[in-house]
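Laboratory data are not the source of any read-out in this text; all were calculated from the coordinates shown. Nothing here was measured: the structure is a model prediction, and the numbers come from that model. Positions of Cβ are generated from backbone atoms using ideal geometry, with glycine treated the same way; all protein chains shown enter the neighbour counts.
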Amino acid sequence: MKIIVLGSAAGGGFPQWNCNCNNCAGVRSGTISATARTQSSIAVSNDGKQWVLINASPDILAQLRATPALHPAPASRDSPIAAVLLMDAQIDHVTGLLMLREGKKRLPLYCTEPVWGDLNTSLPLAPVLSHYCGVDWHALEMVGDGPAMLPVQIPGVDGIRFTPLALSSKAPPYSPHRNHPVIGDNIGLLIEDVATGKTVFYAPGLGAIEPQVDAAMRRADCVLVDGTFWTADEMITLGFSRKTAADMGHLHQWGPDGMIAVLDTLPTQRKILIHINNTNAILDDHSAERATLAQHGIDVAFDGMEINL
Ligand code: MLT
Ligand code: MN
Ligand code: ZN
């Protein structure tokens, strides 16, 4: 199985258009050692020919241009993108769907019923796309009341089993159920190479480590998880927002109840943070926070990173 990180930043990207925080100003001026990053998405393949995009980032066109494996082939109007699977209905994960509108057939789209609901109501991308390529929705379904969900295999991407897991995080601010979470607003994904049994657990928005999440993380050979914020009150301290990380559905990294402490308990070989917010000091290669991650054996995803399992 092959994974390419298309975008490793949280919503806003890095640098963010209107932000002058240390990181954003520093990467623009070249005064810190940091690399720009686009908004959150990964691509998954078994054979390197057909790919599933996990999330469709607003930066998708730049991401596809930068990734030769996703260039059009073999016909004159064609694409190796077999399908898109969504983790939630957040702007940084879905608005790239509009950029795929020139597709020659209906776009296979895998997401939960609550996410499909948002995309047909408060952020009506599906009705809009029906005037272009159209979308062929495949429901990601609960087993009973959840949080366990039925695995799916995606035509064209044979040999990979995707097992979603309902997560505690947040629906987008515009969702009718932002303040009344429903099961399926957010998922994590266990991505398994059926032939080798190797697995990756992917969860760019992870608010809490519930038992099913802990089990999935323990089982995985590689975890690719929420690296949005270093501290719980990062956005408040910087004066950028009144929301804590938890208010936004993200588990911060630092401290006894943070992600580093969780990752420390895992036997997992590869531990990688993804969906990094532009305010997070780990984006500076020479920061103390980045050194702390290295001491704990934790990597920071970057655009173009490849994971082969
Ligand atoms: C989030 O995950 O909270 C988002 O990145 C926020 C956003 O896209 O504005
Ligand atoms: Mn996000
Ligand atoms: Zn910034």
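Only one of the numbered conditions (1) more than 24 Å from residue 185 (Cα to Cα); (2) within 16 Å of ligand 3 (Cβ to nearest atom) is violated by residue 78, and that is (2). Quick check, is residue 44 more than 13 Å from residue 278 (Cβ to Cβ) and either in contact (Cβ under 8 Å) with a residue 40 or more places away in the chain or within 13 Å of ligand 1 (Cβ to nearest atom) (or both)? The answer is yes for residue 44. Pairing each residue of the range 5-21 that is free of Cβ contacts under 8 Å to residues at least 40 places away in the same chain with any residue that is within 15 Å of ligand 2 (Cβ to nearest atom) and assigned to a loop (DSSP other than H, G, I, E, B), provided the two are 6+ apart or on different chains, yields C-beta distances under 9 Å for 18/12. Annotation: of all residues in the range 174-199 being hydrophobic (A, V, I, L, M, F, W, C) and under 19 Å from residue 120 (Cα atoms), the one that is surrounded by the most Cβ atoms within 10 Å (Cβ to Cβ) is 187.
Restricting attention to the range 7-55, the residues that are within 16 Å of ligand 2 (Cβ to nearest atom) and either buried (at least 24 other Cβ atoms within 10 Å of the Cβ) or within 30 Å of residue 82 (Cα to Cα) (or both) total 17.
You will find that of 97, 123, 119, 109, the residue that is within 16 Å of ligand 1 (Cβ to nearest atom) and not in a helix (DSSP H, G or I) is 123 and no other. Condition check: of a type in the set (A, V, I, L, M, F, W, C) and free of Cβ contacts under 8 Å to residues at least 24 places away in the same chain. Does residue 51 satisfy that? For residue 51, the condition - of a type in the set (A, V, I, L, M, F, W, C) and free of Cβ contacts under 8 Å to residues at least 24 places away in the same chain - is not met.
Scanning the range 186-242 for residues that are away from ligand 3 (no atom under 16 Å from the Cβ) and among the polar types (S, T, N, Q), we see that the one that is nearest to residue 113 (Cα to Cα) is 186.
For the range 30-54, the set of residues classified as more than 22 Å from residue 158 (Cβ to Cβ), touching a strand residue (DSSP E or B) at 6+ places or on another chain (Cβ under 9 Å) and in a loop (DSSP other than H, G, I, E, B) consists of 34, 35, 36, 38, 40, listed by residue number.
Take the conditions (1) within 16 Å of ligand 3 (Cβ to nearest atom); (2) among the aromatic types (Phe, Trp, Tyr); (3) in contact with a strand residue (DSSP E or B) (Cβ under 9 Å, 6 or more places away or on another chain); residue 17 misses just one of them, which is (3).
State all residues of the range 155-203 that are aromatic (Phe, Trp, Tyr) and away from ligand 2 (no atom under 16 Å from the Cβ); if no residue qualifies, say none. Outline the logic, then answer.
So in the range 155-203, the residues aromatic (Phe, Trp, Tyr) come out as 162, 174, 201-202.
Once the filter is applied, which keeps residues that are aromatic (Phe, Trp, Tyr) and away from ligand 2 (no atom under 16 Å from the Cβ), the range 155-203 yields 162, 201.
For the range 215-233, residues that are surrounded by fewer than 24 Cβ atoms within 10 Å (Cβ to Cβ), in contact (Cβ under 8 Å) with a residue 24 or more places away in the chain and of a type outside the set (Gly, Ala, Ser) total 6.
Among the residues of the range 65-92, just one is part of a helix (DSSP H, G or I) and crowded, with 24+ Cβ neighbours inside 10 Å, namely 92.
Tell me yes or no: at least one residue of the range 134-145 is in a loop (DSSP other than H, G, I, E, B) and surrounded by 17 or more Cβ atoms within 10 Å (Cβ to Cβ).
Pass one, the range 134-145, residues in a loop (DSSP other than H, G, I, E, B): 134, 140-141, 143-145.
Pick out the ones that are also surrounded by 17 or more Cβ atoms within 10 Å (Cβ to Cβ) and you get 140.
Yes, some residue in the range 134-145 is in a loop (DSSP other than H, G, I, E, B) and surrounded by 17 or more Cβ atoms within 10 Å (Cβ to Cβ).
For the range 282-309, enumerate the residues that are surrounded by 18 or more Cβ atoms within 10 Å (Cβ to Cβ), of a type in the set (A, V, I, L, M) and within 22 Å of residue 25 (Cβ to Cβ). Within the range 282-309, 282, 283, 300 qualify.
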